[in-house]
Amino acid sequence: MAHDWSQVFRGISPEAAASARVESQAAEEKPGGWLTQLREGLAKSRRALQQQFASVLFDRFDEELWETIEEALIYADVGVETTASIVAKLEAEADAGLIKDRSGLITRLREITAAHFCQDDPRIDVDHQPAVILMVGVNGTGKTTTIGKIAWHLKELGREPLLVAGDTFRAAAVEQLVEWGRRVGCEVVHQERGGDPGAVVYDGLVAAEARKADVVIIDTAGRLHTQVNLMKELEKVVRVIKKRMPDAPHECLLTIDATTGQNGLIQARMFKEAVNITGVVLTKMDGTAKGGIALAVSHDLGVPIKLIGTGEKLQSLQPFDPLTFASLLFDETLGRV
Amino acid sequence: MFDSLSDKLQAAFEGLRGQGKLTEKDVERAAREIRLALLEADVNYKVVKEFVDKVKTRALGAEVLQSLTPAQQFVKIVNEELTALMGSASTKLTFSPRPPTVIMVVGLQGSGKTTACGKLAKFLLGEGKSPALVAADVYRPAAIDQLKTLGAQVGVPVYDEGTTSDPVDIAKRGVEWARTKGRDVLIIDTAGRLHIDAKLMDEVARMRSTVKPHNILLVLDAMTGQDAVNVALQFQEKVQFDGVILTKMDGDARGGAALSVRAVTGKPIKFASTGEKLDGFEYFHPDRVASRILGMGDVLTLIEKVERTIDEKKARELEQKLRKSSFTLEDFLEQIQQVRRLGSLSSLLGMIPGLPANKLKGLQVDDRAFDRIQAIIYSMTPEERRHPDIINGSRRRRIAAGSGSDLHAVNQLLNQFKQVQKMMKQLGSGRVPKNPLQMFRNPS
Ligand SMILES: Nc1nc2c(ncn2[C@@H]2O[C@H](COP(=O)(O)OP(=O)(O)OP(=O)(O)O)[C@@H](O)[C@H]2O)c(=O)[nH]1
Ligand SMILES: [Mg+2]
């Protein structure tokens, strides 16, 4: 699938995007993975249409049907509360006679689900000189890898990214980011392990100005939202950025692993409380997890999902589309896709 | 962990208590609440369904409804089923009579394998073993560097061949290397992989049949949702793991994924891993956790924690200070730090029987209060910490600014400290228990 990346980043001209022709690669697909699922899902819907007898079964909207819908949502990690709210809306429409048959029901279910996401501008704002992007999230959710991917896309679009190794805590975190920088072909500002993240970040901003980098992407150490001191440290990093550039960071992206269960919502709330999250990157969507917690996160925080991670390569990054996402939560039979 | 699940279950029980007789409707309602509690805790929905059905069938049996204490009977049934779900006593590692014992660690990307390997090595050192590590993750940038750093930190040798060899060969040669080095346990850190990645799953399967590990441990993030079951079943099919290391237990996840994995694979959770410091690693005790979830406390773990964390010598020094009434803010800080090493306050309180987590809500146990106190004390000079009396108005203002708090907070802390000091003086003149554990051992 080729995406128009000028729609993904704010501040990239359509011409730049067209000439770069960044292709989201499909090479990394795995059977049962997200992309395959999308294709199979579409095939399935065609088949489903032919199997009209099934719709007879579903034409009676009975208790069991609602339960099946509930289960499909719960299974996708949408969570009890969000599920209840989506099903209630659907039920109200059905009761009002607005939904005629099973296929209409599924369509509305998907639309209602998609509408549950925060509908704000999902583009990543790089319309600044330089634009500053701060990446935060719980341990192992994919911050460093996502930074590599975003930097690569920006580079393809003719921008000059600069990476800052703000994870001074985890063993070999600096080496990991340096390796991504090498693959992308961009500079990485780093200091020794164990240093003060604020100091590296400050250095990074100074270097960005000196070297005329357009986009500064800052990596931070993974931290559990329950670790108060580490959350404070993150607040301090933002203060350091603001001292040098009062309107930055222009984006503060939270990575959420698609396999995360209901805890994802608390994570997101705590990160939002500490630093002002502007968007979510839902990673590891190439597995079998549905990432349904993203619904609650986006709705509750009022923050759009901006990107999805679909693998471990530089190219494994895609824009987020609520309706596609909703279509992948369940198929026509409400079974698992 | 598990605290909030505990709250919800107790709320369900609460509704039943105080009722002489249970009707079918009462049971239905409690069962629904239990269902919701488990789903919100990320227990797999199929597992939940079976669990709730079992509880319901048993609870609706004649002997419960007609018993004199139906509510207690109901709690007992839930307890039994929950314990059955989690497995009972903890299960240890298998050690080979012919060293090295090989432990292969597998799991999804980002679940915490490398850190868990470092922690396991440290844990085994503590058990008197001489472990070594093998870096078989040749894919993730700097994964080898990470393991080598951890190895150096723990003081355990690491075998690696860079990123160009085949991981299966690395593992094989690693075993030979461990044997010649006389290491008796070898831990193989493998790359994170998706359970549906045929090529990489085949790689671990080959590694398994080549090195024939004595233990295969699946690393599972405690925050995982419904997908945990898919992951576990696939890994079970391809590599037949023996047990689970549950990571990131220091978060506030409700840990239902762990219950589900045990339920669908029958494989026990062997280890619980907490925090990024390398000593947060211990055997998992399912029975104790079940009892905690049900609000019955977990005194055993609390006692073990206290014994491990509280420094006997320091405790005696403190006692001396108390007797001599020379308790300073520095000692106060030390005390706070010791208590904090045990874990969060709310998690500690959750271990005390008779203090169900939901009753503690009103107490407002806020660990952040500790942070504020620590920040204020850190902003004092050593002189001020030893002689709080010299802290006058201008010093107070400086401390408030330095710690990012306000004058009010500083005053409050100093007043509280004075009260503590007074209390200590009274205590000091009387008898102070030598061992904090006495509190638990002699319930009078
Ligand atoms: N399959 C898949 N794996 C991913 C994706 N994103 C990241 N990963 C993998 O997940 C693991 C963790 O990724 P990192 O980028 O190191 O995560 P992090 O948040 O920086 O981790 P810490 O800095 O340790 O907190 C690595 O093995 C990555 O290759 C994704 O979209 N799909
Ligand atoms: Mg990282």
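The values are calculated or read from the model by the stated rules, or taken from the named source; none is laboratory data. Keep in mind it's a predicted model, so treat the numbers as computed, not measured. Here the Cβ is made from the backbone with ideal geometry for all residues, glycine too, and neighbour counts use every protein chain on show. Surface areas here come from the heavy atoms of the whole protein model, side chains and all, with no ligands, DNA or RNA. Shrake-Rupley method; radii C 1.70, N 1.55, O 1.52, S 1.80 Å.
So if we plug the beta-carbon distance of B:Arg395 and B:Lys92 into 1/(1 + (r/R0)^6) with R0 = 56 Å, what FRET efficiency do we get, rounded to 0.05?
0.50
To the nearest 10 Å², what's B:Arg179's accessible area with a 1.4 Å probe?
Roughly 110 Å² of B:Arg179 is accessible to a 1.4 Å probe.
So who's got an amide H within less than 5 Å of the one on B:Val185, skipping anything under 5 residues away but keeping other chains? H placed 1.01 Å off N, in plane.
Close amide H contacts, sequence-distant or interchain: B:Thr101, B:Ser130, B:Ala132.
With a cut-off of 8 Å between alpha carbons and a minimum separation of six or more residues, what is the relative contact order of segment A:241-336 in percent?
For segment A:241-336, the relative contact order is 24 percent.
Straight-line reach from A:Lys232: which aspartates and glutamates have Cα under 19 Å away, leaving out those fewer than 8 places along the same chain?
A:Asp167, A:Asp196, A:Asp219, A:Glu251, A:Glu273, B:Asp250, B:Asp252, B:Glu276, B:Asp366, B:Asp367, B:Asp371, B:Asp406
Over 21 Å, how big is the tail of the calculated P(r) for segment B:143-232, in percent of all Cα pairs?
39 percent
Largest first, what is the accessible-area ranking of B:His387, A:His128, A:His250, B:His408 with a 1.4 Å probe?
Highest to lowest solvent-accessible surface, that is B:His408, B:His387, A:His128, A:His250.
At 1.002 mPa s and 20 °C, plugging the Kirkwood radius over alpha-carbon pairs of segment B:2-155 into Stokes-Einstein gives what diffusion coefficient in µm²/s?
Taking Rh from Cα pairs, D becomes 111 µm²/s.
In the P(r) worked out for segment A:94-236, what percent of Cα pairs fall beyond 26 Å?
Roughly 38 percent, rounded to a whole number.
Compute the relative contact order of segment B:101-296 as a whole-number percentage, counting only Cα pairs closer than 8 Å that sit 6 or more residues apart in sequence.
That works out to 25 percent.
Enumerate the amide H contacts of B:Asp221 below 5 Å, restricted to partners 5 or more residues apart or on another chain; note that Pro and chain-start residues carry no placed amide H.
Those qualifying (amide H under 5 Å, at least 5 residues apart or on another chain) are B:Thr247.
I want the local charge near A:Trp180. Using Cβ-Cβ distances under 15 Å, sum +1 for each Lys or Arg and -1 for each Asp or Glu among the other residues.
Net charge around A:Trp180: 0.
Could you give the length gained on full extension between A:Ala88 and A:Asp4, defined as 0.36 nm per residue of separation minus the Cα-Cα distance, in nm?
Residue separation times 0.36 nm, minus the Cα-Cα distance, leaves 26.6 nm.
Report, in debye and to the nearest 20, how large the dipole of segment B:3-86 comes out about its Cα centre when Lys and Arg carry +1 and Asp and Glu carry -1 on their Cβ.
My answer is approximately 240 debye.
What ³J(HN,Hα) values, in whole Hz, does the Karplus curve 6.51 cos²θ - 1.76 cosθ + 1.60 give for segment B:240-256 when θ = phi - 60°, with x put for Gly and Pro?
6, 5, 9, x, 10, 9, 8, 9, 6, 6, 7, x, 10, 5, 8, x, x
Using each residue's phi in segment A:174-190, evaluate 6.51 cos²θ - 1.76 cosθ + 1.60 at θ = phi - 60° and report the 3J(HN,Hα) Karplus result to the nearest Hz, with x for Gly and Pro.
Per-residue couplings from phi come out as 5, 4, 4, 5, 4, 5, 5, x, 5, 5, 6, x, 9, 7, 10, 8, 8 Hz.
Debye sum, Cα scatterers, segment A:165-317, no solvent: what log₁₀ I/I(0) at q = 0.17 1/Å?
The computed values of log10 I(q)/I(0) come out as -1.12.
In whole percent, and with a 1.4 Å probe on the protein chains, what portion of the accessible area of segment A:172-285 is carbon and sulfur?
Exposed carbon and sulfur together represent 51 percent of the surface.
Any idea how far apart B:Glu127 and B:Glu317 come out in nm if each label point goes 7 Å out from Cα toward Cβ?
A separation of 3.3 nm, rounded to one decimal place.
Could you work out the relative contact order of segment A:65-188, using alpha carbon pairs under 8 angstrom and six or more residues apart, expressed as a whole percent?
Normalised by residue count, the contact order of segment A:65-188 is 14 percent.
For segment B:101-296, how big is Rg over Rh, using alpha carbon atoms and the Kirkwood form of Rh?
Ratio of gyration radius to Kirkwood radius for segment B:101-296: 0.95.
Compute for chains B and A the buried accessible surface, both sides summed, probe 1.4 Å, and express it in Å² to the nearest 100.
Buried area (both sides, nearest 100 Å²): 3700 Å².
By the scheme Lys and Arg +1, Asp and Glu -1, what is the net charge of all other residues having a beta-carbon under 14 Å from that of A:Arg244?
With Lys, Arg at +1 and Asp, Glu at -1, the net is +1.
Can you work out the Karplus-derived ³J(HN,Hα) for every residue in segment B:112-122? Use 6.51 cos²θ - 1.76 cosθ + 1.60 with θ = phi - 60°, whole Hz, and x for glycine or proline.
Ordered by residue, 3J(HN,Hα) equals x, 4, 4, 4, 4, 4, x, 5, 4, 4, 5 Hz.
What aspartates and glutamates does B:Lys54 reach when the alpha-carbon gap must be under 12 Å and sequence neighbours fewer than 8 apart in one chain are set aside?
Counting by Cα, and skipping residues close in sequence, B:Lys54 has these aspartates and glutamates nearby: B:Glu80, B:Glu81.
Could you pull out every residue, at least 5 positions away or on a different chain, whose amide H is within less than 5 Å of the one on B:Asn44? Hs are placed 1.01 Å off N in the peptide plane, and Pro or chain starts have none.
Hits under the 5 Å cutoff: B:Ser260.
With a 1.4 Å probe and all protein chains kept in place, how much accessible area does A:Glu15 have, in Å² rounded to the nearest 10?
Accessible area of A:Glu15: about 130 Å².
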